[in-house]
Amino acid sequence: PPSRAWLKLAPLLRPGLRRRVMCAVSSLNSSESDASVPLTSIQGADVKAFRDSLRLYRRCRAMPPGEFSTKLQRSLDVLVDAYRLYGPRGVTSSFNGGKDAVACLHLQRAALAGYCTDFRAEKSPVQVWRVEAIFFIIDDEFPEVREFVETVADAHDLALDRLQCGWIEGLRSRIPETNPESGLVASRAFVLGTRAGDPNAAGQQHFGPSSSWMPPFMRVNPIIDWNFAEVWEFLRGFDLPYCSLYDKGYTSLGKRADTMPNPALRRDDGTYAPAYMLDCSELERAGRHNAAVHAPNKGKDSNTMNNGVRAEDPKILKVRKNAVKQQCQDTQLLGTFTNGQG
């Protein structure tokens with residue numbers, strides 16, 4: 001078989017190319033096995049798109065060991081666990097077209113295919129489900145973003161809801177009402193592109209329940225521990241499409257009124273290098289007019305909070321800090337659901 005021939009050649013190749021060959025061979029062997037498994041399409045899901053997602057899943061799982069590979073495997077584990085807990089229709093991608101949301105979407109479609117294949121009942125056919133996703137239509141959106149979202153939805157057979165409403169209202173529309181007599185709470189999981197380096201994302205983990213004033217849902221942050229460079233390593237390393245604006249020097253996308261190409265990528269001739277060429281991740285949002293640096297207060301008075309409010313009692317200070325922290329996370333969540341981050 002071709003795979004055995006490649007394995008014989010592997011020791012003769014450069015280390016980087018050898019890792020790629022080993023990864024490809026492992027993926028090929030898994031794909032040959034997957035091809036023999038019968039599939040059952042649910043609600044008209046596209047079998048071809050499902051097989052493509054399953055190939056991506058196998059390629060990711062076959063990635064040679066390394067620091068980023070460890071993070072990638074953890075991200076897939078998080079998403080597979082989300083599907084184990086909530087099922088194929090209970091996990092929704094918040095897809096705003098930004099690079100982080102794009103990475104999460106590809107991870108999610110791969111994880112769904114892996115879950116449907118590897119966690120099915122023995123000798124039963126694989127159920128083919130579509131990835132559930134929502135897209136909030138906002139004013140002053142980049143037309144390139146909207147076009148890209150529609151292209152991705154079509155290419156990967158997304159069950160995409162296009163919502164033109166407030167984000168709380170949009171969330172409620174995706175979460176069924178709870179029957180008080182059942183003793184069970186109707187909930188859903190939403191996959192977000194939040195990373196630890198995002199403004200106000202401190203304290204978030206891979207899983208986290210929504211705040212008490214929100215509809216009941218579980219935040220799922222599969223790339224919370226990724227950095228800027230690793231997002232691009234994933235997208236470019238696996239040859240995954242992304243919005244064309246990133247090739248024009250944009251490194252973080254918001255509305256047209258507050259977003260411009262990153263000045264750090266400006267060339268001498270006035271053009272801009274692509275986003276993945278940015279060396280300093282701290283400058284990721286340098287092209288956002290409303291970008292702000294959120295740094296902890298380092299003044300002499302440790303009992304004075306960043307907003308200038310003094311709280312001498314340590315217990316009061318802790319409560320107020322937690323309240324401010326939660327408010328910041330809720331603000332970050334809003335930006336992730338719409339197009340405030342990416």
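The values are calculated or read from the model by the stated rules, or taken from the named source; none is laboratory data. Nothing here was measured: the structure is a model prediction, and the numbers come from that model. Reconstructed Cβ throughout: ideal geometry from the backbone, glycine too, with neighbour counts over all protein chains shown. SASA here: full protein model, heavy atoms, side chains in, ligands and nucleic acids out. Shrake-Rupley method; radii C 1.70, N 1.55, O 1.52, S 1.80 Å.
Give me a count of the residues in region 103-152 that are more than 26 Å from Val47 (Cβ to Cβ), open to solvent by less than 50 Å² (accessible area, probe 1.4 Å) and either aromatic (Phe, Trp, Tyr) or without any contact (Cβ under 8 Å) to a residue 12 or more places away in the chain (or both).
Matching residues across region 103-152 total 2.
Being crowded, with 19+ Cβ neighbours inside 10 Å and either modelled with pLDDT of 85 or more or at negative phi (or both) is the filter here; which residues of region 196-209 pass it?
Step one: of region 196-209, the residues crowded, with 19+ Cβ neighbours inside 10 Å are 198, 200-201, 204.
Across region 196-209, the qualifying residues are Asp198, Ala201, Gln204.
With respect to Arg14, is the statement that it is open to solvent by 70 Å² or more (accessible area, probe 1.4 Å) and either at pLDDT 65 or above or of a type in the set (Ser, Thr, Tyr) (or both) true?
Working: open to solvent by 70 Å² or more (accessible area, probe 1.4 Å): yes; either at pLDDT 65 or above or of a type in the set (Ser, Thr, Tyr) (or both): no.
The answer is no for Arg14.
Looking at (1) open to solvent by 60 Å² or more (accessible area, probe 1.4 Å); (2) closer than 23 Å to Leu79 by Cβ, which is the only condition Leu163 fails?
(1)
Determine whether Glu132 is at pLDDT 95 or above and under 19 Å from Pro216 (Cβ atoms). Walk me through it before giving the result.
Values: at pLDDT 95 or above: yes; under 19 Å from Pro216 (Cβ atoms): yes.
Judged against the criteria, Glu132 is a match.
Among Asp52, Asp100, which is surrounded by fewer than 18 Cβ atoms within 10 Å (Cβ to Cβ) and assigned to a helix (DSSP H, G or I)? Full working, then the answer.
On the way: Asp100 fails: surrounded by fewer than 18 Cβ atoms within 10 Å (Cβ to Cβ).
Just a single option satisfies the conditions, and that option is Asp52.
With respect to Pro222, is the statement that it is part of a loop (DSSP other than H, G, I, E, B), more than 20 Å from the chain's Cα centre (by Cα) and crowded, with 18+ Cβ neighbours inside 10 Å true?
no
Quick check on region 174-195: of everything there that is among the aliphatic types (A, V, I, L, M) and open to solvent by 10 Å² or more (accessible area, probe 1.4 Å), which residue is nearest to Ser252 (Cα to Cα)?
Just the residues of region 174-195 that are among the aliphatic types (A, V, I, L, M), to begin with: 175, 184-186, 189, 191-192.
Filter once more, keeping what is open to solvent by 10 Å² or more (accessible area, probe 1.4 Å): 175, 184-186.
Values: Ile175: 30, Leu184: 40, Val185: 36, Ala186: 34 Å.
So, considering only residues that are among the aliphatic types (A, V, I, L, M) and open to solvent by 10 Å² or more (accessible area, probe 1.4 Å), the one nearest to Ser252 (Cα to Cα) is Ile175.
Sort out which residues of region 136-184 are assigned to a strand (DSSP E or B) and within 22 Å of Ala257 (Cβ to Cβ), and write them in order of number.
Phe136, Arg162, Leu163
Can you pull out the residues in region 38-68 that are more than 19 Å from Val126 (Cα to Cα) and under 16 Å from the mean Cα position of the chain (by Cα)?
Cys60, Phe68
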